[in-house]
Structures are given as C-alpha cells and as structure tokens.
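Novice: Sending over a structure as structure tokens; questions will come in a sec.
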Amino acid sequence: MLSENIKAIRKSKGLSQEELAIKLNVVRQTISKWEQGLSVPDADMLISISEIFETPVSTLLGETVVETRVDNLSVISEKLEVINLQLARGKSARQKAAHWLFISLCAVIAAVFAVLTVLNSPYLGWDYSHPEIAVAGTMFHAFEWLFVRAAPLAMIGAMIGACFTRKEV
C-alpha cells in the first residue's frame, strides 16, 4: 500500500523518479525499489517524502491514493460540487435547528405563562417574617415581574425567527 501511494502521489505531483530522488538526496533506484515494494523508507525519510508531497504521513501509510491529474478540470469541478453540496446540507441543517429552537422557545414561554397564571402568585400570601421565606418570595416575585415584562418581546422575536427560518417547500 505504501509503495502504491508513493507512486500515485509522485505521478499526481508530476514528478519523475529521478526528480523525487534528487529532492530526497537518494538514487533513482531507491525510489524504484520503494514503488515496487522491494524496500521501504525509514521514518525520517517518510517525513521528508510527506513534506515534499505536501501530504500527511498517515496518507502515505493509509488508504490507497487515487491518481489525479492536476489539469483535469472535471475532477476539480466534481470536488467543488461535492463541497457545495456539503455546505448546502450544513446550512439546511443549521436552518432547521434554528427553526425548531425558535418554536421550542415559543412553547416554553407559553408554558411558563400558563404555570404563572394557574399559580396566581402564591408567594403573596406567605409569612415573610422568616428570612428564608422572605428571600424565596422576593426571588419568585422578581422572576415573575421580569418574565411578564420580557417574555412578550422574546415570544414575538421567537415567532419572527420561526417564520424567517421556515423552509420554503
């Protein structure tokens, strides 16, 4: 696999065995032996090869490399098309997640409003002579006061967000 990868990457970079040998300070026969699988480069040489090829060592050692031509426009356009599709899918997924987040926010705000309405501010009848109860009652009152004033704005914003992130069919 290493031998096939060295040969495929060398050819895709447009290098001859002689040119690669000069860059690595070895003889051409060494490159030939690597590509035929008769010998393998040591770790330092693998690093040098990866630097010349501008490819990670793991690629040299890993999966088989498909030979590509640098000037082949169809290959480049296919790769760009794949990238564009991946970007479009990512954008669609983010839009869908934002849409459901806005809808969930609307539901949570409506649920909290319903709970506050049903409870009808029970803390107002508490005995505030105990410090712990006074603190808890004050916190409940502050939450309710802030929520009743801020939640309508948040609800309107969430509804607008849900409308704008809705996917057109």
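FYI, it's all coordinate maths here, none of it is from the lab. None of these values were measured; they are calculated from a predicted model. Cβ coordinates were reconstructed from backbone atoms using ideal geometry, including for glycine residues, and neighbour counts include every protein chain displayed.
Novice: Measure up Lys7/Lys91; Lys11/Lys33; Lys11/Lys79; Lys13/Lys91 against 27 Å on the Cα-Cα distance and list the ones that go over.
Specialist: Exceeds cut-off: Lys7/Lys91; Lys13/Lys91.
Novice: Something else: Out of these labelled values of volume of the Cα convex hull per residue in Å³, (1) 230; (2) 217; (3) 104, which was calculated from the coordinates shown here?
Specialist: Label (1) holds the value from this structure.
Novice: Quick one: order Lys167, Lys23, Lys7 by neighbouring beta-carbon count within 10 Å, fewest to most.
Specialist: Lys167, Lys23, Lys7
Novice: Loop only per DSSP, at most 14 neighbouring Cβ atoms within 10 Å: give me the GluC sites (Glu not before Pro) in region 10-119, ordered by residue number.
Specialist: Loop-located and lightly packed - Glu54, Glu63, Glu67.
Novice: Further, regarding this structure: Ranked by Cβ crowding within 10 angstrom, fewest neighbours first, how are Cys163, Cys106 ordered?
Specialist: The fewest-first ordering by Cβ neighbours comes to Cys163, Cys106.
Novice: Separate question: Pairs of alpha-carbon atoms within less than 8 angstrom and 6+ residues apart define the contacts here; what relative contact order does region 73-164 have, in percent?
Specialist: 43 percent
Novice: Which angle between 0 and 90 degrees, to the nearest 10, do you get for helix 43-53 versus the longest principal axis of the chain when only C-alpha atoms count?
Specialist: Between helix and principal axis, roughly 80 degrees.
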